[in-house]
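S.K.: Take this structure first; my questions come after.
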Amino acid sequence: LVNPPLTGDLMHYEPTSLTDEDAPLSSRPVDTSGYPNVNAHQHWIDCIRAGVQPQITNARTARHVTEIMLKGLESAREGRTVAIESRL
C-alpha cells in the first residue's frame, strides 16, 4: 500500500504500471480554479443549507461509481465483460 504524502495541495495520483503493484505512483496537481469552493466539505454544507444539489458529487453519481466498482469485481471474478447499466 502506497501512502502519498499529505502536502495540503490537491493532487491526482496514478499508477505507473498496471501490472506491478510495487511501481511508484505518478502525481500531478489538480486545478481547482473552476470549482466554486476549494474546501469540498464546506461546499457540501453550503449546498445542504441552501437546499441545492452539489455540482460534482451527488447520489446519482455515487450510485453510478458504486455500480462500476461492483461490476469490475464481478468481471474479474467471472473472467468476462460485464455491462454497466446506469448512465450519468
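The values are calculated or read from the model by the stated rules, or taken from the named source; none is laboratory data. Quantities reported herein were computed from a predicted structural model and do not represent experimental measurements. A quick note on method: Cβ atoms are made from the backbone with ideal geometry, for glycine too, and the neighbour counts reach across all protein chains shown.
S.K.: Could you list, in sequence order, all residues of the stretch 52-81 that are closer than 27 Å to residue 39 by Cα and either of a type in the set (A, V, I, L, M) or touching a Leu at 6+ places or on another chain (Cβ under 6 Å) (or both)?
M.R.: Result: 52, 56, 59, 62, 64, 65, 68, 69.
S.K.: Restricting attention to the stretch 41-78, which residues are touching a Ser or Thr at 6+ places or on another chain (Cβ under 8 Å) and either of a type in the set (Phe, Trp, Tyr) or not in a helix (DSSP H, G or I) (or both)?
M.R.: Of everything in the stretch 41-78, just one residue is touching a Ser or Thr at 6+ places or on another chain (Cβ under 8 Å) and either of a type in the set (Phe, Trp, Tyr) or not in a helix (DSSP H, G or I) (or both), namely 44.
S.K.: Does residue 50 satisfy the criteria of being farther than 26 Å from residue 15 by Cβ and modelled with pLDDT of 85 or more?
M.R.: Judged against the criteria, residue 50 is a match.
S.K.: Evaluate the following for residue 38: is it touching a strand residue (DSSP E or B) at 6+ places or on another chain (Cβ under 8 Å), at pLDDT below 80 and farther than 25 Å from residue 87 by Cβ?
M.R.: no
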